[in-house]
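Asks: Below is one structure. I have some questions about it.
The values are calculated or read from the model by the stated rules, or taken from the named source; none is laboratory data. All values derive from a computational prediction rather than experimental measurement. Counting neighbours? That spans all protein chains shown, and the Cβs are built from the backbone with ideal geometry, glycine included. These accessible areas exclude ligands, DNA and RNA; they are computed on the full protein's heavy atoms, side chains included. Shrake-Rupley method; radii C 1.70, N 1.55, O 1.52, S 1.80 Å.
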Amino acid sequence: MAMKVNLEIEAELCSELKSKYRLNIEKACFAQNYIPNYILLDSTRNIHSYIEFCILESGHLYSIHWSKGDMLKGLVRVLQVQTSQLDRPLFFIYKDETETYKVIESNLIKEQILEGESANTEDFIIKNSDIFSEILPQIKREL
């Protein structure tokens with residue numbers, strides 16, 4: 001049941017971002033294991049980046065790849081796959097408690113974990129995420 005709910009929430013977040021910001025986001029037909037389910041395409045329909053939609057609930061982040069309260073293991077697997085198999089950036093996107101879209105790039109998270117701060121990763125992501133609409137002009141220039 002939780003997997004179905006997560007898939008529905010991912011699809012809803014994707015749809016909202018596509019319509020609100022006019023982004024070409026598509027479900028990745030090749031997504032499996034720890035590869036993110038969504039991709040952002042550029043104007044030539046090449047993959048610009050991968051998107052991992054997350055849900056913030058009661059101060060905890062979860063996604064299709066990890067459950068509430070068990071973030072680190074799933075997050076590290078997603079980061080390992082991105083580093084070894086994907087040659088594009090990875091963005092973690094979620095809505096905060098005010099319904100504002102927030103985003104953080106995977107390299108910031110990797111650095112924090114590699115510095116030995118993995119116990120505080122969830123707090124780090126929440127505190128260091130940018131407001132999506134403020135980062136959007138930079139992303140759109142790359143598309």
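Asks: If I take every Cα pair under 8 Å that is 6 or more residues apart in the chain, average their sequence separation and divide by the length, what percent do I get for the relative contact order?
Replies: Worked out over the chain, it gives 17 percent.
Asks: Can you tell me the Rg and Dmax of the range 1-66, counting just the alpha carbons, in angstroms?
Replies: Answer for the range 1-66, Rg first and Dmax second: 12.3, 39 Å.
Asks: For the pairs LYS73/LYS140; LYS68/LYS140; LYS27/LYS102, flag any whose C-alpha to C-alpha distance is greater than 29 Å.
Replies: Violating the 29 Å Cα-Cα cut-off are LYS73/LYS140; LYS68/LYS140.
Asks: On average, how much accessible surface per residue is there in the chain, in Å², for a 1.4 Å probe, leaving out ligands, DNA and RNA?
Replies: That works out to 55 Å² for each residue.
Asks: Out of every Cα-Cα pair in the range 33-96, what percent are more than 14 Å apart? Mind showing how you got there, number by number?
Replies: Values: 1140 of 2016 pairs.
Roughly 57 percent, once rounded to a whole number.
Asks: Let me ask something else. On each of the three principal axes of the Cα atoms of the chain, give max minus min coordinate, whole Å, ordered largest first.
Replies: Projected onto its principal axes, the Cα set of the chain covers 39, 31, 30 Å.
Asks: Please report the antiparallel percentage of the DSSP beta bridges confined to the range 23-94, to the nearest 5. Provide the component values of the computation, followed by the final result.
Replies: Values: 12 of 16 bridges.
In the range 23-94, approximately 75 percent of DSSP beta bridges are antiparallel ones.
Asks: Pick out, from MET71, GLN82, THR98, the residue whose Cα sits farthest towards the positive end of the charge dipole of the range 26-107, with +1 on the Cβ of Lys and Arg and -1 on the Cβ of Asp and Glu.
Replies: Positive-end residue among those listed: GLN82.
Asks: Round to a whole number: what % of the accessible area of the chain belongs to carbon and sulfur, probe 1.4 Å?
Replies: 49
Asks: Here's another thing I want to ask about it. Mind checking the range 79-115 for GluC sites (Glu not before Pro) that DSSP puts in a loop (not H, G, I, E or B) and that have at most 16 other Cβ atoms within 10 Å? Before the final figure, lay out the partial values.
Replies: Working: sites: GLU97, GLU99, GLU105, GLU111, GLU115; in loops: GLU97, GLU99, GLU115.
The qualifying sites are GLU97, GLU99, GLU115.
Asks: Expected output is a single nm value to one decimal: the length gained when fully extending between GLU111 and ALA11, i.e. 0.36 nm times separation in residues minus the C-alpha distance. What is it?
Replies: 33.1 nm
Asks: In straight Cα distance, which aspartates and glutamates are under 20 Å from LYS127, not counting same-chain residues fewer than 8 positions off?
Replies: GLU52, GLU57, ASP70, ASP96, GLU97, GLU99, GLU105, GLU111, GLU115, GLU117
Asks: With +1 on each Lys and Arg Cβ and -1 on each Asp and Glu Cβ, how big is the dipole of the range 57-143 about its Cα centre, in debye rounded to the nearest 20?
Replies: 320
Asks: Where the centre of each part is set by its Cα atoms, how far does the range 78-96 sit from the range 97-138, in angstrom?
Replies: Centre-to-centre distance over Cα atoms comes out at 12 Å.
Asks: Something else: What percent antiparallel are the DSSP beta bridges of the chain, to the nearest 5? Could the numbers behind the result be given before it?
Replies: On the way: 19 of 23 bridges.
Percentage antiparallel, nearest 5: 85.
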